[in-house]
Amino acid sequence: MKMKKYTLQPSQMPFDLDITLSCGQVFQWVRHEEIWTGIVKNSIITIRQNGKTLEYDGCKETDLINYFNLNFEIEKVTESIRNSIAQTTGTIPDLLFETALSVAQGLRIIRQDPWECLVSFICSQNSNIPAITKRINLLSQQYGNSLQDGWFGIPDPLSLTQAPVDKIRGCSTGYRASYLTDTASYISENPDFLSGLSVLEMKDARILLLNLSGVGPKVADCVLLFAYNYYQAVPVDVWIRKIITKGYPDLIFQAGSRKEPSYDQIADYCRNYFGYYAGYAQQLLFAARNSLITKHNT
DNA sequence: ATCCAGGTACCCA
DNA sequence: TGGGTACATGGA
């Protein structure tokens with residue numbers, strides 16, 4: 001098959017397609033022998049990377065650049081994070097961050113569709129990534145938009161609203177089923193809600209997201225980061241909690257207590273320590289979690 | 001088999 | 001405001 005080509009410019013490097021699509025920010029992309037297939041704006045996209053060449057099909061070049069955030073200048077961002085670390089502690093290099101960077105170099109925060117992101121992370125709670133992927137695929141196959149070749153997009157709000165809750169539960173969603181139908185119902189009735197968030201300050205958008213059923217601090221921060229690219233959003237899951245508390249124990253000792261730090265304490269610590277792009281730093285740490293946390297070191 | 005996972009809602013002091 | 005608990009399911 002013939003594919004279009006896009007050559008990454010020096011300012012667009014590094015870019016790593018594999019890490020970007022498999023680091024837990026998006027769940028419906030599938031890889032078969034170097035070629036990734038996924039759905040962007042209701043179209044099936046195929047893409048493969050060979051060094052600085054991207055071969056792709058199914059979308060326009062501008063869509064490719066926008067979706068993969070190719071003009072996000074990673075080198076400048078890592079420099080910003082390193083500067084913030086140095087300013088905060090004066091100790092560089094930071095071994096934890098540098099290790100994450102070496103493992104997950106080229107990771108990009110993509111520009112994911114807000115509704116897809118919201119549904120995905122409501123589904124994500126208290127589950128591991130393979131289970132989340134399965135769950136989202138079941139939902140899509142049963143209530144999603146049918147595309148070609150057996151591909152199904154995330155169900156739109158109305159489809160989920162009209163589906164019986166027990167059928168949604170049947171898609172391995174468990175107790176999350178009512179969260180999904182309640183939130184879908186709200187978005188159906190307020191179709192401009194999600195697009196309206198993009199013009200708000202992050203904290204205001206976050207407050208609105210937290211009103212949705214099944215959306216707490218973690219899910220809200222994932223949506224703010226992965227769909228709206230608010231880099232001050234720092235999702236704190238069990239992995240990030242472990243990495244930060246074990247990697248930067250001064251967070252605990254500084255407070256003078258041994259009790260587990262709160263969600264906000266960890267997120268605030270990251271914002272202060274990593275600076276403006278704390279959310280990006282967080283995703284590097286998450287992507288490198290298996291290298292940063294060993295099983296005998298939990 | 002047992003533990004754990006990209007948590008949240010709800011209750012109670 | 002903060003701490004404890006139930007919750008469905010499946011992967012490792």
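What the table below lists for this structure:
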| read-out | value |
| --- | --- |
| Vicinal HN-Hα couplings computed from phi for the range A:235-246 (Karplus, 6.51 cos²θ - 1.76 cosθ + 1.60; Hz; Gly/Pro x) | x, 10, 9, 4, 5, 5, 4, 5, 4, 6, 6, 7 |
| Computed [θ] at 222 nm, deg cm²/dmol, chain A (DSSP H ≥ 4; -39,500 (n - 2.57); rounded to nearest 500) | -14500 deg cm²/dmol |
| Contour excess over end-to-end distance, with Cα ends at A:ARG48 and A:VAL199 and 0.36 nm allotted per residue | 51.0 nm |
| Percentage relative contact order, the range A:38-92, counting C-alpha pairs under 8 Å, at least six apart | 18 percent |
| Net charge contributed by nearby residues that have their C-beta within less than 15 Å of A:ALA227 (K/R +1, D/E -1) | +2 |
| Quotient of Cα Rg and 2.2 N^0.38 Å for the range A:134-191, N being how many residues it contains | 1.06 |
| Built amide H within the under 5 Å cut-off of A:PHE152, gap 5+ | A:LEU147 |
| Computed label-point distance, nm, for sites A:SER159 and A:ASP268 using a 7 Å Cα→Cβ extension | 4.2 nm |
| Amide H within-cut-off set for A:ILE39, under 5 Å, with H built and near neighbours excluded | A:ILE45 |
| For chain A: relative contact order, % (alpha-carbon pairs under 8 angstrom, 6 or more apart) | 20 percent |
| Per-bin percent of Cα-Cα distances, the range A:171-262 [10 Å] | 15, 36, 30, 15, 4 |
| Neighbour cut-off at most 16 other Cβ (10 Å), DSSP loop, chymotrypsin sites (Phe, Trp or Tyr not before Pro), the range A:129-192 | A:TYR175 |
| Label point distance in nm, A:MET3-A:ALA86, each placed 7 Å from Cα along Cα→Cβ | 3.9 nm |
| The range A:90-187: relative contact order in percent, alpha carbon pairs under 8 Å with at least 6 residues between | 21 percent |
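Every read-out reported here was derived from the displayed coordinates using simple, explicitly stated rules and does not represent laboratory data. All values reported here derive from a predicted model rather than from experimental measurement. Neighbour counts run over all protein chains shown; Cβ positions are idealised from the backbone, glycine included.
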